[in-house]
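Here is the structure we will look at, set down as structure tokens.
Just so you know, all these numbers are worked out from the coordinates, no wet-lab data involved. Keep in mind the model is a prediction, meaning the values are calculated, not measured. Note that each Cβ is placed from the backbone with ideal geometry, even for glycine, and that neighbours are counted across all protein chains shown.
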Amino acid sequence: MPRTTPVNIDPHDGMRSRLERAVEQAIDLRRTIAELQDPALREIVDVVLIELGRRVAEQTLRRSKLS
């Protein structure tokens, strides 16, 4: 079934909520990796978190420019 978006919803809101969900999941993963005490995996997750933070910041800037 095709996915439909109501007219009154900003398409960037969906992206933001997916990014926020990804950030939450990455934070949970980081906590789990910390329990494993594996520095290599921790570094990989940290890179993912940094990149997700950049994406959230980009989305925030775009929204502020549109307002």
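Taking 0.36 nm per residue of separation and subtracting the current Cα-Cα distance, fully stretching the chain between Ala57 and Ala22 would add 11.2 nm.
Between Leu66 and Val47, the modelled labels are 3.1 nm apart [label points 7 Å from Cα along Cα→Cβ].
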